[in-house]
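See structure below.
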Amino acid sequence: MSVTIEFLGHSGFLISDGQHALAIDPFLENNPVAVKKPLNLRCTALALTHGHDDHMGDSVMIAEACNATVYAAYEICEYFQSQGHEKCEPGNPGGKIETPFGWIAFTQAFHSSSFEGKYMGMPCGIIANIGGITLYHLGDTGLFGDLKLLGEIYKPDVAMIPVGDRFTMGPELGKLAAEMINPRMAIPIHYGTWPLLTSDISAFRPEGVEVRAMQPGETLEVG
């Protein structure tokens with residue numbers, strides 16, 4: 001089995017198995033590097049790591065336009081429901097949610113989470129199994145020791161790892177995170193979008209892990 005992974009820019013992805021399409025953190029409208037507009041994105045499900053605008057972004061608009069099921073922290077789902085979108089599956093770190101395409105699990109992430117001045121619950125990482133492939137989107141986390149344990153438990157094929165520094169790990173700590181998780185492939189994210197974020201990620205060279213730096217709009221097949 002295989003999936004197509006499309007990089008939406010910054011930290012966003014669209015992952016498709018040919019039948020289902022999962023959007024993760026689709027921030028497009030105010031994203032200076034995005035090449036796709038929100039209403040051009042088609043998905044059957046949407047997963048969010050946390051509530052910051054550069055991750056929640058256009059998600060309410062997209063979820064409504066696509067009639068997509070939203071997987072997110074309880075408080076984020078409450079926000080969606082307050083906006084009139086009822087197709088929500090809330091969760092928190094430590095559990096797993098069965099889905100039409102496979103499953104989603106939330107992990108801890110060391111960061112913060114708010115939207116429009118409101119608390120949006122714990123920030124999370126997302127582990128998704130779709131098309132027989134397991135992907136780990138780390139959200140905006142800092143480095144923590146249990147990344148190694150999560151890698152041993154879930155054995156992700158692909159890890160999306162923030163390396164832009166200041167608000168997340170930088171390239172050097174991202175390298176350690178990749179080595180701890182030990183996926184087949186690591187995709188660096190959350191860098192170079194604005195001047196505050198590091199653009200030079202040459203230090204992100206984890207041993208034993210293939211690195212695939214993607215451009216917005218680029219796709220790859222993983223099987």
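None of the figures in this text is laboratory data; all of them are computed from the coordinates on show. Not measured: the values here are computed from a predicted model. Don't worry about glycine lacking a Cβ; one is built from the backbone with ideal geometry, like all the others, and counts go over all protein chains shown.
Below is a table of values for the structure above.
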read-out: Test result for Gly131, surrounded by fewer than 24 Cβ atoms within 10 Å (Cβ to Cβ), more than 16 Å from the chain's Cα centre (by Cα) and at positive phi; value: yes
read-out: Filter result for the condition that a residue is buried (at least 21 other Cβ atoms within 10 Å of the Cβ) and in contact with a His (Cβ under 6 Å, 6 or more places away or on another chain), over Ala63, Ala72, Ala68; value: Ala63
read-out: Residues of the range 134-171 that turn out to be out of contact with any strand residue (DSSP E or B) (no Cβ under 7 Å at 6 or more places or on another chain), β-branched (Val, Ile, Thr) and within 25 Å of Leu197 (Cα to Cα), as a count; value: 0
read-out: Qualifying residue in the range 34-48 (condition: under 16 Å from Ser11 (Cβ atoms), touching a Cys at 6+ places or on another chain (Cβ under 6 Å) and crowded, with 18+ Cβ neighbours inside 10 Å); value: yes
read-out: Conditions (1) aliphatic (A, V, I, L, M); (2) touching a strand residue (DSSP E or B) at 6+ places or on another chain (Cβ under 7 Å); (3) without any contact (Cβ under 8 Å) to a residue 60 or more places away in the chain; number of the one not met by Leu197; value: (2)
